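The structure under discussion appears below in the form of structure tokens.
All of the numbers you see were taken from the coordinates with simple rules; none came from a lab. Nothing here was measured: the structure is a model prediction, and the numbers come from that model. Cβ placement follows ideal geometry from the backbone for every residue including glycine, while neighbour counts extend to all protein chains displayed.
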């Protein structure tokens, strides 16, 4: 790279896609990276920087020098710039903002004030809006003049004189209309919009439901503030799915996992693992309380892993189904009772069948009818409890407005271990006292 | 609804968004649904039908009568029609195909031949393509003429006389160019494209990476066959995330879960739960083999839930992190050893800390130093094994070309239960024989 013919490199950089460049850049050293970025046009450099890890961007911007850094930041769409700067310390953020043009810095500053997970946090302020009385031809002219600055030109928003959103017309419709048609006559007035404080997950649902390329964002007084484009929505959907999966495994989501150090990853997980260990100790405490029963029927110990594992697995399945159903909107909070009842009915079938199988195995293995009865009935009962816990807990968490994925798999299985041990040893003790002693 | 003034209803139907209508429709009875669909324009009816559950579509199409059904199917974009018809039995599919226009039926028939999870399966054949020598103005005219039939008009694809893809130009670029410019002069020639057999997950990654609104699909000889649009990609991303989450919980993904009956849901889960039960019985078998040790130190039983649960939780976490990392591309198959080593180092820290805590608790609770030593060391060792299993298994599955999420949480925790019990009772027996007897 260092020795290569510069003209060839320049041509290569012009032709290669920014996303591909961003992918190979981390494999170069800082000096090489700075050289590459310097040789790209500012707009391409901006696109590359946005795709890099946040930690790398800072040193690159500093290495490029103030003038070049400012040029690149100006080329970035305002939502991307706000994203990047939002993750920097206050001081540096202000330094970089001062490098940008005053108008852009102001827009970025405004975006920084919205919560990062709201419509305001992911919207861009670069869109095309026109007044109602312009013609299709004039609207296209306005597009021509402002398009290089607008992130998407596929919708033109129509506003009144107080900048309130009154309609929308797609570029497609503008092209298809006679040039002299007034925008007011072809615009759709039933514009689906989102409030600036709407959660990004809700925005994603709306964009997906209506197959939009972009959705307008308004404030409480219906003034048009920005738009959220479908490429940002794709990122949101990916991010929310990752968050759900990690939360279900009891890992707090915090962006790129593999970039953080080993110690940080360990300390993030330790508190939960230790807390869950105390949960499991509670199950152990249950066993200790029933140690007389355990001594009387030692074979009970052989089935402890089945008794803890089976219902734990069923609870995990139920949890995953309900959490995902809530995320995609398939399960709604009105139908809570129906969902729980459905899961319990599944559990009754599953519990009875696996209980019978286990009872058979226990009898064949140990030759004790009573043992077979105890393990079979305990497993069936625990499975039903598992279905209730696995569906009720995320639904309740959701009802209280939290992310249902907070009811993680490890949490649910630990809770189930305690319940299963209580049922198992409780039933065994009851039968022992009532029929055997 | 039945008695309402028809004119008002008609106006309402014209104004309301199809996605909203599709949402309320299932709450009406069949006769009312048919009435509503009849009153909508065919294009709107087509959009509504596509959003409904597949099971409902069939009876609606039949209830509408052949003529109306054909009109609606013709209005549907070819990929949507192929989607709908693909899920019907052969016989009915052919009946509906015969109702459509010959040209469209042929397109749909072709789409039906591609695997449903490939680029060919999700692409539409309705796109706009022009030859290299047309001007920007002419290209816009072609758009005007063909646009009502094209699912997206935001990219115009440029092909040579053998229909091979040679370039792409966005509607935005066409609008911004002087009308007489030749398309060949403004088109980008480095077109990122996908092969018709590319997996849909890979297509989604490409669209997300490059922030595309659509990506062209070509055959082995670079002939343009169709395009995949971003709205279909959003569906793919949602679907793949759901699939991952359910597979991680050991539930085979099969579309809308809550729609299938209780018995079907139970039979889907039973084989796995019973198989896993046998896995847990293997752990029970380990315990049975060590029953002499268990009788010697009864207190070992109290810590069995911790010993199975803790490492199980860590394995679940590791699994979730690795599976998600593979899905988002953060973990790539080259870095396998690095990922495993990283997870093991996390496990060493987590294992040592929680092992020490547990050793302390065991000593305080039971007053036996040896017991504390056994439980502490077993927990630490099991956690390290958990990290290896939790990362190695999905990576190996991925290496062999299968979905890493097939290494589900229940499977991994069951495997861990066997390992943990082996380590726990193995260590206890070793110490018992070596130092205590």
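Determine which chain B residue has its Cβ at minimum distance from the rotation axis mapping B onto A, giving the value in whole Å.
B:241, 2
How high is the relative contact order of chain B? Use alpha-carbon pairs under 8 Å, at least six apart in sequence, and give a whole percent.
11 percent
Against the longest principal axis of chain B, how steep is helix B:200-210, in degrees 0 to 90 to the nearest 10, with axes from Cα atoms?
So the inclination is approximately 80 degrees.
Of all beta bridges DSSP finds with both residues in the protein assembly as shown, what is the antiparallel percent, to the nearest 5?
Roughly 75 percent of the beta bridges in the protein assembly as shown run antiparallel, per DSSP.
With just the Cα atoms defining each centre, how far is segment B:370-430 from segment B:185-235? Give it in Å.
First find each Cα centre; the distance between them is then 41 Å.
Before anything else, pin down the relative contact order of segment A:262-436: Cα pairs under 8 Å, at least 6 apart, normalised by residue count, whole percent.
36 percent
7 Å along Cα→Cβ for the label point: how many nanometres lie between residue A:164 and each equivalent label in the other copies, listed shortest first?
Here the equivalent label points are 5.8 nm apart from this one.
Output, in nm with one decimal and in ascending order, the distances from the residue A:356 label point to the matching label points of the other copies (7 Å from Cα along Cα-to-Cβ).
5.3
For segment B:6-113, what is the largest minus smallest coordinate of the Cα atoms on each principal axis, given in angstrom and ordered from greatest to least?
42, 23, 22
Using all alpha carbons of segment B:302-418, what is the percent of pairwise distances in each 10 Å bin, ordered from the shortest bin to the longest?
Spelled out bin by bin, segment B:302-418 gives 15, 42, 27, 12, 4, 0 percent.
Pull out a ≥ b ≥ c, the square roots of the eigenvalues of the alpha-carbon gyration tensor of the protein assembly as shown, then state rounded if a/c is under 1.5, prolate if not and a/b is larger than b/c, and oblate in the remaining case.
Prolate shape, in that a/c is at least 1.5 and a/b is the bigger ratio.
Using a basic spin-label model with each label point 7 Å from the Cα along Cα→Cβ, how many nm lie between residue A:160 and residue B:335?
For residue A:160 paired with residue B:335, the spin-label model returns 5.4 nm.
Using Cβ counts within 10 Å as a stand-in for footprinting exposure, how do A:17, A:433 rank, fewest first?
Ordered by Cβ neighbours within 10 Å, fewest first: A:433, A:17.
Return the percentage of antiparallel bridges among DSSP beta bridges fully within chain B, rounded to the nearest 5 %.
Antiparallel bridges make up about 75 percent of those DSSP assigns within chain B.
If each label sits 7 angstrom from Cα along the C-beta direction, how far apart, in nm, is residue B:190 from its counterparts in the other copies?
4.5
Order of A:143, B:300 from fewest to most other C-beta atoms within 10 Å?
By the 10 Å Cβ count, ascending: A:143, B:300.
Suppose we take every Cα in chain A and form the convex hull; what volume per residue is that in Å³?
With only Cα atoms used, chain A gives 206 Å³ per residue.
If segment B:120-251 were replaced by its equivalent ellipsoid, with semi-axes equal to the square roots of 5 times the Cα gyration tensor eigenvalues, what would those be, largest first, whole Å? Working shown, then result.
Details: eigenvalues 195, 41, 29 Å².
Ellipsoid semi-axes (Å, largest first): 31, 14, 12.
Between residue B:348 and residue A:278, what's the calculated FRET efficiency when r is the beta-carbon distance and R0 is 22 Å? Round to 0.05.
The calculated FRET efficiency here is 0.55.
Roughly speaking, what is the centre-to-centre gap between segment A:153-171 and segment A:20-81 when only Cα atoms are used, to the nearest Å?
33 Å
Taking the number of other C-beta atoms within 10 Å as the exposure measure, put A:106, A:113, B:104 in order starting with the fewest.
A:113, A:106, B:104
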